[in-house]
1. Of (1) at pLDDT below 65; (2) assigned by TED's automatic domain parsing to the domain that holds residue 78, residue 92 satisfies all except one. Which?
2. Output the helices (runs of 4 or more DSSP H) that fall wholly within region 143-214 and possess 3 or more residues being under 25 Å from residue 42 (Cα atoms) and at pLDDT 95 or above, or say none.
3. Could you go through region 37-60 and let me know if any residue there is in contact (Cβ under 8 Å) with a residue 40 or more places away in the chain and over 30 Å from residue 181 (Cβ atoms).
4. For residues in region 151-166 being under 9 Å from the mean Cα position of the chain (by Cα) and in contact (Cβ under 8 Å) with a residue 60 or more places away in the chain, which is surrounded by the fewest Cβ atoms within 10 Å (Cβ to Cβ)?
5. Identify, from the list 137, 128, the residue that is modelled with pLDDT under 95, under 26 Å from residue 78 (Cα atoms), surrounded by fewer than 21 Cβ atoms within 10 Å (Cβ to Cβ) and out of contact with any helix residue (DSSP H, G or I) (no Cβ under 8 Å at 6 or more places or on another chain).
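The values are calculated or read from the model by the stated rules, or taken from the named source; none is laboratory data. Predicted model, so just to flag it, every value in this text is computed and none were measured. Here Cβ is always computed from backbone atoms with ideal geometry, including for glycine, and neighbour counts include all displayed protein chains.
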């Protein structure tokens, strides 16, 4: 079981009190896991960076409403979910010029975009990038209950406890969902290519999907 992720209470308090520099720093610290949540929930017709900007605006606008400092992460996650849901409602009213493929939640999965502002120290070969891209595409097709914790774990390397804090769930629930997500992913990949698991060490046990997005 991971150690509970500490919350920078003084920074959050200063940001909540309207200190602009503190607000900017607080957003910088947390924006990357917010991007992973957006990736899990966004309508596929909307870019991650666009939604990230919308969340940033809401974050600044509503920060004064935060009551409990320790609830900051689930509070920010809820803002992110609300932005994604609003974008989904808007996208449903937009005329689509062509057919799209949707998942079980009714989300367009015709295209896969990666979080913007991504930087990484990992240098991957062309084969690894192709494999990572396939894994990402399959991960985005999982039910959202499994997709969100998997992306937080794989893209942001968050501990089980950190993911539980963000999602407001017990660590045991996170462990169960991640184990189930990995099994589902293995099964789907095996159907696509029997040799896929033999060519990569990207999945297995507590090993996670590699990130080309940092």
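1. Checking residue 92 against (1) at pLDDT below 65; (2) assigned by TED's automatic domain parsing to the domain that holds residue 78, the one that fails is (1).
2. Values: elements: 144-156, 160-167, 171-192, 196-199.
So the answer is 144-156, 160-167, 171-192.
3. Of all residues in region 37-60, those in contact (Cβ under 8 Å) with a residue 40 or more places away in the chain come to 37-49, 52.
Now narrow it down to the ones that are over 30 Å from residue 181 (Cβ atoms): none.
No, region 37-60 contains no residue that is in contact (Cβ under 8 Å) with a residue 40 or more places away in the chain and over 30 Å from residue 181 (Cβ atoms).
4. 156
5. Values: 128 fails: under 26 Å from residue 78 (Cα atoms).
Testing whether each residue is modelled with pLDDT under 95, under 26 Å from residue 78 (Cα atoms), surrounded by fewer than 21 Cβ atoms within 10 Å (Cβ to Cβ) and out of contact with any helix residue (DSSP H, G or I) (no Cβ under 8 Å at 6 or more places or on another chain) leaves just 137.
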